[in-house]
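A quick write-up on the structure given underneath.
The values are calculated or read from the model by the stated rules, or taken from the named source; none is laboratory data. The shown structure was predicted, so the numbers you read here are calculated from the model rather than taken from an experiment. So basically every Cβ, Gly included, is an ideal-geometry build from the backbone, and we count neighbours across all protein chains shown. SASA here: full protein model, heavy atoms, side chains in, ligands and nucleic acids out. Shrake-Rupley method; radii C 1.70, N 1.55, O 1.52, S 1.80 Å.
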Amino acid sequence: MIRNYLKIAWRNLIKNKGQSFINISGLSVGMAVAILIGLWIYDELSFDKYFQNYSSIVQVMQHQTTNGDVGTQRDMPIPMGDKLRQSYSEDFKYVVLSRTEGHVLSYGDKKLNEQGNFMQAEAPDMLTLKMIRGSRAGLTDPSSILLSSSLAKAIFNTADPINQLLKIDNKFSVKVTGVYADFPHNTTFRDINFISSWDLYMTTQPFLKQYAQHEWSNNSWDIYAQLRPGVVVDNASAQIKNIKRDALKQQGDAFSLSFKPVVFLQPMSRWHLYSEYKNGINTGGEIEFVWMFGIIGVFVLLLACINFMNMSTARSEKRAREVGIRKTMGSLRSQLVGQFFGESILVVALAFLLSLVIAQLILPWFNTIADKQMTILWTSPLFWLLGLLFSLLTGIIAGSYPAFYLSSFQPVKVLKGTFKAGRFAALPRRVLVVLQFTVSVTLIIGTIVVFKQVQYTKNRPVGYHRTGMVQIHMKTPELHNQFSAFRHDVLQSGAALEVAESGGPITSVWNNNSDINWRGKPPGLQCDFGTISISPEYGKAVGWKLVAGRNFSKEYPSDSSGVIINEAALKFMGLKSPLGETIKWYRNLKIIGVVKDMVMQLPYEPVQPDLFYMTSYMGNYINFRLNPKMGSQQALALIAPIFNKYDPSNPFDYQFTDKEYAAKFADEERIGKLAGFFTILAIFISCLGLFGMASFMAEQRTKEIGVRKVLGASVISLWGLLSTDFVVLVVISMLVAIPTASYFMNGWLMKYKYHTTLSWWIFAGTVAGAILITLLTVSYQSIKAALANPVRSLKAE
């Protein structure tokens, strides 16, 4: 019996090739989207679960209040680590201070610029490093280093790295005491390629000894901890919330106390998905995208299922006579129900197998766009169980109408030709088409808004010239100590118009200070100024725009006590005539210039008040304004040998400022690309459904069209008659989709302080586009039916 059902089902698929293609292809695309989104959600939800102590690892964080606004930060003072370890040992098994930085590792002729951590000796046990060589105890040696497997291979190839000596930044030597397996891509520490001793970090940075003893106001380091078994995170947070405040009181630091620091613990389970805080409240983070893409996946899959159900119910009415004959020959209703369900499940099973092929083909591209390293879970029983359950459920839902409705027909009526579908038989199909296009139109509007927001922010004036700017992160003092000679040689080569030093990159502010005063500062006003050290050539190099005053100049020795502020600082300080005014920081600084705001941090946020000052200390970056008359690669080829001449121990690694700035939009652009990809697939699925329904409607109305043509109807009028029904359905879907999309996208835009608006053309363009797509989709079948010879359609009468 089952074999007979399968044979009949296969024959029906072959007989109705067009319908079968639409059903299987549409459903397989929807299922492939569901698989990809499911893998993405699984990857996000399993973030950091690689670590065995996942449920007990926490990061120490703090809230601080500035002029009534509560800010949240991960950076902590060094003394807090020892305080937690000594005074709260009953709660914490491990407390680990950490500093993440980029360094140059050299071995022989090899020089690699790598990201790594200086961490205390308990870190390998806390993070349960999977050691390939050596042991986790390797960091107990103050001059030791642990390498990731990939970095060890890059440096030593197949040779044994244990006990080999490396140099860090050409300053000090370290001994390799272990090699650990690379952290997976979906972990917080995925970019960490080496871990070195915290004690080494402290001894090579003499100024840190003072910070370690009593500097509670300098927040520049990470603190991770592991709770003891049975300790509840909230209870431990409550225990330590005033630890910093109490220390500041003991020191009599009233200024730092005015920020009302509150210390708390954030569990590892919330590091990735719940990383955003607003006014001291955890407002979410990546979890929002998990929900968003989860909903998109459900709706895209729903579109495919709607197509399947629509086509199944539409075509099933043509099989009424088949049902009548089978019943006359003795078929039981249960047998007919089983046959229809079997055909439906067969189609879904074929679509599921095809969806796996589609997903596997798309996955490499999807991984690139989503910044993931996902694979299909071929060996996971849960994956196959979910696929089987979904196939069965979809097949049962789609096959329920023909199974129970058609199997109830009385064979006498069917065979006599008196059976007619009810007047409302097409209503469910129309509702489903409206639902389909509501989802598609909503996705279209959402995708356009995301791209518009990204472009709006990209076009924001940044206050300097990004094009042609190149920056190099200096890891050693060689270039700084010989900067004048280096700059002279670069300028003489003609490769650059200007060269300057700075304490941080142009696209970021590394240092902030609050202990800043000026004449007329309101009592109790708290401030947070970005403080950027620069060389005199910086303004010319970056091409900032002066509003008042002048740039730094070597011709004025007094400029060593000068400062240039941005417009945001001028506004915050409330100075009407800023030139010549004195700012009291660690010393008195005279304002010599005001520049337009430079967007150096998040492009979606207002520019913070910034101070630019000169210093004799080593800069961290060298910035080049390349010669526009020379190609970038040609200019860099001229700079490279000069760089190697003055700093032969470091690789010539450079970054283009415009690319570094563009990287700030990576998350939004990634979301936009993924949403656009899913939107295109949703439109494709919807159009498949429309095409199938148009084909079915044209076939049903063949005789009506023939009569109208005989009576003189034109092809254009018949095309309009057949297309109007679908256009009306799409217009109805617009009336639902536009307010829905407007509500949700307006809420999304409000997350950004610098954001675009919901322009009218977004909705008008979407409406016009949706109607055009509808007409293009249904016109083929409509015109084909209108051009048909009426003699053929009426001869049976």
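Below is a table of values for the structure above.
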{"item": "Taking the convex hull of Cα positions in segment 39-108, its mean projected area over all directions (nm²)", "result": "9.7 nm²"}
{"item": "Solvent-accessible area of W518 with every protein chain in place, 1.4 Å probe, in Å² to the nearest 10", "result": "20 Å²"}
{"item": "Highest average packing first - 292-298, 532-538, Cβ atoms within 10 Å", "result": "532-538, 292-298"}
{"item": "Charge-dipole axis of the chain as Lys and Arg at +1 and Asp and Glu at -1 on Cβ define it, positive-most pick from V70, H272, S87", "result": "H272"}
{"item": "Extreme residue, positive dipole direction of segment 137-210, given options S149, W198, I168 (C-beta unit charges)", "result": "I168"}
{"item": "Compactness of segment 139-201 as Cα Rg over 2.2 N^0.38 Å, two decimals", "result": "1.10"}
{"item": "12 Å beta-carbon shell around E288, net charge (K/R +1, D/E -1)", "result": "-3"}
{"item": "Segment 621-779: Cα Rg divided by the 2.2 N^0.38 Å rule of thumb", "result": "1.86"}
{"item": "Whole-Å distance, taken between Cα centres, linking segment 709-725 and segment 759-778", "result": "23 Å"}
{"item": "Greater than 28 Å apart at Cα, pairs in K629/K753; K130/K664; K545/K590; K673/K753; K629/K673; K244/K278", "result": "K629/K753; K130/K664; K629/K673"}
{"item": "Accessible area (Å², per residue) of the chain, counting only protein heavy atoms and a probe of 1.4 Å", "result": "46 Å²"}
{"item": "Listed residue (Y464, V454, Q492) projecting farthest to the positive dipole end of segment 440-499, Cβ model", "result": "V454"}
{"item": "Distance between segment 577-600 and segment 334-355 - C-alpha centres, whole angstrom", "result": "75 Å"}
{"item": "Segment 635-673 and segment 153-230: distance between their alpha carbon centers, rounded to Å", "result": "24 Å"}
{"item": "Sorted peptide list for 335-343, 366-374, 680-688, criterion being average Cβ within 10 angstrom, highest first", "result": "680-688, 335-343, 366-374"}
{"item": "Helix runs (DSSP H) in the chain reaching 30 Å along axis by Cα, Kyte-Doolittle at least 0.0", "result": "17-45, 287-316, 333-370, 381-405, 427-458, 666-700, 715-749, 760-787"}
{"item": "Net charge contributed by nearby residues that have their C-beta within less than 13 Å of E537 (K/R +1, D/E -1)", "result": "0"}
{"item": "Residue list for segment 347-366, given a label point 7 angstrom along the Cα-to-Cβ vector of I376 and an amide N cut-off under 17 Å", "result": "348-366"}
{"item": "Translational diffusion coefficient (Stokes-Einstein; Kirkwood radius from C-alpha pairs) of the chain at 20 °C, 1.002 mPa s, in µm²/s", "result": "68 µm²/s"}
{"item": "With every protein chain in place, the chain: carbon and sulfur % of accessible area (1.4 Å)", "result": "58 percent"}
{"item": "Residue-averaged 222 nm ellipticity for the chain, from DSSP H runs of 4+ at -39500 (n - 2.57), nearest 500", "result": "-16500 deg cm²/dmol"}
{"item": "Hits among lysines - C-alpha to C-alpha of K249 under 17 Å, sequence gap 8 or more where chains match", "result": "K83, K241, K260"}
